[in-house]
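Structure first, commentary second.
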Amino acid sequence: MISIHEVKGEQSVASIKAHNGGVWQVAWAHHRAVGNVSTLASCGEDGRVCVWRDVGGGKWDAAYTCPHVHEGGAVAIGWAPFEHGCILTSGGADGMVCVIVKPSSGQWDYTSFRAHSGGVTGVSWAPFLSSGTLIQPQVQLQNLTNNKRFVTGGCDGQLRIWTFSNQTMKWDTLAMLSEHSHNGVVAIRDVQWAGNCGLPFDYIASCADDKRVLIWRQEMPDKAWKHHKAYESDITPCRLSWSLAGTILAVSFEDQTIRLLKEDTSGEWKVTSKVSQ
């Protein structure tokens, strides 16, 4: 069951019987990608990925259910930046990724491919603007036509960055990052790409069963990704979330605490605050 609440007063305004079993993740679509209608995606234990639209009066209708059913459960979902249009990506316990597209005039469609040898545990899209567009505007002109990128994390201990090829019309592996598994394979718990306003670098955060949070940094689109150990604990980190500007990282842990990390002037990531439930 999905329950939708008002921000003020936390009053429940709608409930959606979404999946046969547990709901693993939900994600709001940007209004500009879906015709200014409140739209929500969900994935669940039943392996389905669904898109729901607000039809008024506290009622939500199923706008689309992806025909591909993730065997073992649909674990992660993420919307592309609205500048790319209406695109939703899902990852499942079957190691498959589905890229679901709704053209501005046309029907929903999807493609699927194997992303990891184990299950997919996280998926996150790159921001629309490529790194370096503020200081080198020509980079923006070169990349805006082919900058559809997202990152996935898997039970195989790897992060994989995918890019869409206009030549083959397929998703290709752009980079593979495996530092979490340098002492043996450990499952990735979550992965999140930070927002970027045109600064000369990109950040990706990842956390895994090795109890580490890593920050991956790419100086420019044609440079290699380098990792930095942001935080290590005796508690396993579970989920990650960046602030809108991509400067603060929230990390939730198995002990139901949340720590906020921020980069200092020396380039080190420090815990600025801790929240306990």
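The values are calculated or read from the model by the stated rules, or taken from the named source; none is laboratory data. Since the model is a prediction, treat every value here as computed from it, not as a measurement. All Cβ positions, glycine included, derive from the backbone under ideal geometry; neighbour counts span all protein chains shown. To get the accessible areas, we keep the full protein, side chains included, count just its heavy atoms, and leave off ligands, DNA and RNA. Shrake-Rupley method; radii C 1.70, N 1.55, O 1.52, S 1.80 Å.
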Open item on the list: If every alpha-carbon in the range 149-211 counts as one equal scatterer, what log10 I(q)/I(0) does Debye give at q = 0.12, 0.17 1/Å?
Closed with: -0.35, -0.64
Open item on the list: Need one value: the accessible area of LYS102 in square angstrom, 1.4 angstrom probe, rounded to the nearest 10.
Closed with: 60 Å²
Open item on the list: Please report the carbon-and-sulfur percent of the accessible area for the chain; probe 1.4 Å, protein heavy atoms only, DNA, RNA and ligands left out.
Closed with: 51 percent
TODO: Among the listed pairs LYS59/LYS148; LYS148/LYS262; LYS17/LYS59; LYS102/LYS226; LYS229/LYS262; LYS229/LYS274, give every one whose C-alpha distance is greater than 23 Å.
DONE: LYS59/LYS148; LYS148/LYS262; LYS102/LYS226
Task: Segment SER15-THR247, length gained on full extension (0.36 nm per residue, minus Cα span) - done: 80.1 nm
Task: Per-pair calculated FRET efficiency, R0 = 45 Å: SER276 and GLU219 via Cβ, rounded to 0.05 - done: 0.80
Task: Ranked order, PHE150, PHE201 - accessible area, probe 1.4 Å, largest first - done: PHE201, PHE150
TODO: On the full set of protein chains, 1.4 Å probe, figure out the accessible area of PHE164 and give it in Å² to the nearest 10.
DONE: 40 Å²
- [ ] In nm, give the distance between the simple-model label positions of MET169 and LYS262, each being 7 Å from the Cα along the Cα-to-Cβ direction.
- [x] 4.8 nm
Task: Cα-based convex hull volume of the chain per residue, rounded to whole Å³ - done: 148 Å³
Task: Where GluC sites (Glu not before Pro) fall in DSSP loop in the range 1-91, at most 11 other Cβ within 10 Å - done: GLU6, GLU10
- [ ] Mind giving me the nanometre distance, one decimal, between the label points for HIS228 and TRP108, set 7 Å out from Cα along Cα→Cβ?
- [x] 4.1 nm
TODO: Take LEU159, LEU244 and sort them by solvent-accessible surface of the protein heavy atoms, 1.4 Å probe, largest at the top.
DONE: LEU244, LEU159
TODO: At 1.4 Å probe size, with no ligands or nucleic acids counted, give the accessible surface of ARG189 in Å², nearest ten.
DONE: 70 Å²
- [ ] Keeping every protein chain in place, order SER105, SER273 by accessible area at 1.4 Å, biggest value first, i.e. largest first.
- [x] SER105, SER273
Task: Accessible surface, the chain, averaged per residue in Å² (probe 1.4 Å) - done: 49 Å²
- [ ] Largest first and to the nearest Å, give the Cα extent of the range 47-91 along each principal axis.
- [x] 34, 26, 15
Open item on the list: Loop-only GluC sites (Glu not before Pro) in the range 153-257, please: DSSP not H, G, I, E or B, and at most 14 other Cβ atoms within 10 Å.
Closed with: GLU219, GLU254
TODO: Calculate, for SER178 and VAL7, the FRET efficiency according to 1/(1 + (r/R0)^6) with r their C-beta to C-beta distance and R0 45 Å; round to the nearest 0.05.
DONE: 0.70
